[in-house]
1. Please give the solvent-accessible surface of B:Glu282 in Å², to the nearest 10, using a probe radius of 1.4 Å with every protein chain present.
2. Straight-line reach from B:Lys74: which aspartates and glutamates have a Cα under 12 Å away, not including same-chain ones fewer than 8 places off?
3. Which order do the peptides A:177-183, A:196-202 come out in when sorted by mean C-beta neighbours inside 10 angstrom, highest first?
4. Normalised by the number of residues in region A:120-275, what is the relative contact order in percent for Cα pairs under 8 Å and 6+ residues apart?
5. Which of the aspartates and glutamates could a cross-linker span from A:Lys104 if the Cα-Cα distance has to be under 14 Å and same-chain partners fewer than 8 positions apart are dropped?
6. With a 1.4 Å probe and all protein chains kept in place, how much accessible area does A:Met222 have, in Å² rounded to the nearest 10?
7. Return the average number of partner chain Cβ atoms within 10 angstrom of each residue Cβ along peptide B:34-45.
8. Which FRET efficiency value, to the nearest 0.05, do you get for A:Leu185 and B:Thr269 by plugging their Cβ-Cβ distance into 1/(1 + (r/R0)^6) with R0 = 56 Å?
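The values are calculated or read from the model by the stated rules, or taken from the named source; none is laboratory data. Note that the coordinates shown come from a computational prediction; the quantities given were computed from them, not determined experimentally. We place every Cβ from the backbone using ideal geometry, glycine too, and count neighbours over all the protein chains shown. Ligands, DNA and RNA are stripped out before the accessible areas are found, and what is left, the full protein with its side chains, is counted by its heavy atoms. Shrake-Rupley method; radii C 1.70, N 1.55, O 1.52, S 1.80 Å.
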Amino acid sequence: MNTLLLTAKLDIVESLRARWFLIYSLVFGGIVALLFAFGLTESRVLGFIGLSRLLVTYIQLTMAILPVFVLITTVRSVAGDREAGVFEYLLSLPVSLSAWFWGKIVGRYVTIFLPVFVAMLGAVVWSLIQGIEVPWGMFFYYTALLAAMAWCFLGIGMLISTLARSTDVAQGAAFMVWLTMLLFLDLILLGVMIQGHVAPEVAVGVALANPLQVFRTAALAMFDPQLIVLGPSAYVILDLFGAAGYQIYALIYPVLIGSLCALAGYLTFRRSDLP
Amino acid sequence: MIRLQNVSKLFKRHRVLDHVSMEVELGERIALIGSNGAGKTTLIRCLLGEYTHDGDVTIGGHSPRAERTSVLGKVGFVPQLPPPLKMPVGQLVNFAAAVCRSDPKRIHDIATRLGLDTHEILARPFNRLSGGMKQKLLIAIALGRDTRVLVMDEPAANLDPEARHIFFNLLAERLENTTMIISSHRLDEVASLVNRVIEMDMGQVVLDDRVAEETKLSAMFQCHLTLLRPDAAIARTLAGWQFADRRDGVEWHGLVSGPDRLRFLGTVTRYVGLLTRIELAEVAPSVTLQ
């Protein structure tokens, strides 16, 4: 088996035994279970009922939890491994730095994406058993959205891990990144910017550059295609991309951000002290 | 074999290695000694290609940083502190064997020789093993492949006397075609294992000397001790060295590995007031420990 896959497998085995993975899986599995338990599939909002209603709520909750979870657990475990001497030992073995770094990303990606996806898949399987209609288009798009979101924040987390030399600094930096993105969500900072007479194009530009807002808008667009909730900025977004165009942008842009951050992380890792 | 030329390393303006130069030939066994902060670990990490640095480091003419996979494929490393890996022992062995292009069976065989039955602990997480078990497994991984260089940081610190003796035998089997660098805080821990001593202080080499080798690594010494009176503390110490009580806690008898003599004598000198006789005599290596 090639070294990259061996490293990925190693990281998956390490993660499966870590406490963070248990909590992470329980959180997302628990969300789906709770949504079913509280009868969300029978309630109606904006015309949504059944599994569509559950998936809309699930994606909203996931968008609030997944980024910070991925950022914190990635930087904690990567920087923690380095501090504890795991890198010193494993990197004394003849593993190329590219195989090590990208293998670690692949392994970590599998462990962060699978619980989120399996929880959603579980909801679909349960619905099929119960005879509830499954909105397949929504399911596949949300799966792609979650995959893009996980990759985006994993890339950012890996970059922070390679730049920060200690777990504390890495954790603090990860939290600051998440907080900054959170502050630039439309309801908080964009509101202030518009009140402060900042040009609407700048405000919309900031929203389109913020991965958290991009996911949020994409999730909204699934049940509000005209983005009425967003107000006038919806015109700019829809004029610029169109409804389908924005859905594609919401997948490609975060993947690009994650990939660029991961690449920057790799180049830094290759040039710096390893342990 | 190993060449360091003007190697310097700075951490935030603090110079940890200061223009270190040395050449090590094939078959040399070096004790790398020095106090905490002397630069031993940094030097080892530069050798393993883990740290960036000024100057040149080559192993067999190649850079361990630029040509990691080919160079490190011939370098075995035993760290002082075992890494807190959560993966099962079997997975660690398979991973190490796969990336080193070795056969896991070689690692299992060496672990068995060291007294560690890996088949019983294959599914157990590495971080749940005892200190001695971890050390034996890391030694087995380092020795269970074709290496030209062995870098070991206090490798025998957690081993019992019998495992230490087997470890010395394993090293003795590789004397001619392997270069060894053994790092330690204290020379007496490793003196009998090496034929050259390099002492570091404040990031510089302050001593580089040869050591006369009169005893083989595999040599065994029979030891008799007579005490003034029985004493619980020395009895516990000698039992740890697997000595047998021959007469009411006053006469003791056991075997000590050649490379362990200095360490053993260092231990018993703590009870020098109780000692009335101590006798060491070399015996055939086939004599078994009691």
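1. The accessible area of B:Glu282 comes to roughly 120 Å².
2. Once the sequence-local aspartates and glutamates are set aside, what remains near B:Lys74 is B:Asp146.
3. Most protected by this proxy first, the peptides run A:177-183, A:196-202.
4. 37
5. Cross-link targets: A:Asp11, A:Glu14, A:Asp81.
6. Solvent-accessible area, nearest 10 Å²: 40 Å².
7. Partner Cβ neighbours, averaged per residue: 1.
8. 0.20
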